[in-house]
Amino acid sequence: MNESALEGFVKIVEMNSFSAAADALYISQSALSQQIRTLEGQLKLELFQHVPRRVVLTPAGQDFYPQAKMILNLYQNAVKHAQAVRLHTNPPERHILIAYCHEALRICTDRRTVHPFFAGAPTLCAPQ
């Protein structure tokens with residue numbers, strides 16, 4: 001299963017036409033039909049009833065459509081997100097983890113002005 005097969009399936013359902021979907025995807029109708037046959041073979045089920053000049057989803061196709069659309073949207077969003085990270089535009093939230101040892105904590109808390117972050121630390125980390 002690949003993106004173009006899912007995109008083809010979703011486009012056929014939305015446009016209710018193999019030929020219109022093929023035109024919208026800038027591929028031939030025979031190439032789109034082959035993608036759908038391959039997808040059906042991979043899924044081991046028929047997505048469309050084979051009715052001349054009409055697009056009729058099977059019950060399995062009706063169930064598969066909203067999930068295929070969701071998978072396609074997730075994939076496209078993941079690609080956009082990865083590209084944004086690569087270009088440093090709108091990167092994901094990042095978290096910083098600071099590890100410390102008792103000695104570093106002692107140095108930070110021995111000062112006259114203790115940073116509020118470390119205020120409760122000596123009692124939390126005191127040996128028992």
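The values are calculated or read from the model by the stated rules, or taken from the named source; none is laboratory data. In this text the structure is predicted, and so the values were computed from the model without any measurement. Cβ placement follows ideal geometry from the backbone for every residue including glycine, while neighbour counts extend to all protein chains displayed.
Table for the structure above
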{"read-out": "Residue, nearest to the chain's Cα centre (by Cα), within region 47-84, restricted to residues that are in a loop (DSSP other than H, G, I, E, B) and surrounded by 16 or more Cβ atoms within 10 Å (Cβ to Cβ)", "value": "47"}
{"read-out": "Counted residues, region 52-67 - those being under 14 Å from residue 11 (Cβ atoms) and at pLDDT below 95", "value": "1"}
{"read-out": "Where residue 40 falls short, out of the listed (1) in contact with a Phe, Trp or Tyr (Cβ under 7 Å, 6 or more places away or on another chain); (2) without any contact (Cβ under 8 Å) to a residue 24 or more places away in the chain; (3) of a type in the set (D, E, K, R)", "value": "(1)"}
{"read-out": "Answer from 93, 14, 103 - the residue that is modelled with pLDDT under 95, among the acidic types (Asp, Glu) and within 25 Å of the chain's Cα centre (by Cα)", "value": "93"}
{"read-out": "Qualifying positions in region 21-46 - acidic (Asp, Glu) and either in a helix (DSSP H, G or I) or surrounded by fewer than 12 Cβ atoms within 10 Å (Cβ to Cβ) (or both)", "value": "23, 40"}
{"read-out": "First in region 67-93 and of a type in the set (Gly, Ala, Ser), second anywhere and part of a helix (DSSP H, G or I) and modelled with pLDDT of 85 or more, Cβ under 7 Å, 6 or more apart", "value": "68/6; 68/9; 68/10"}
{"read-out": "Any chance residue 4 is assigned to a helix (DSSP H, G or I) and more than 17 Å from residue 56 (Cα to Cα)", "value": "yes"}
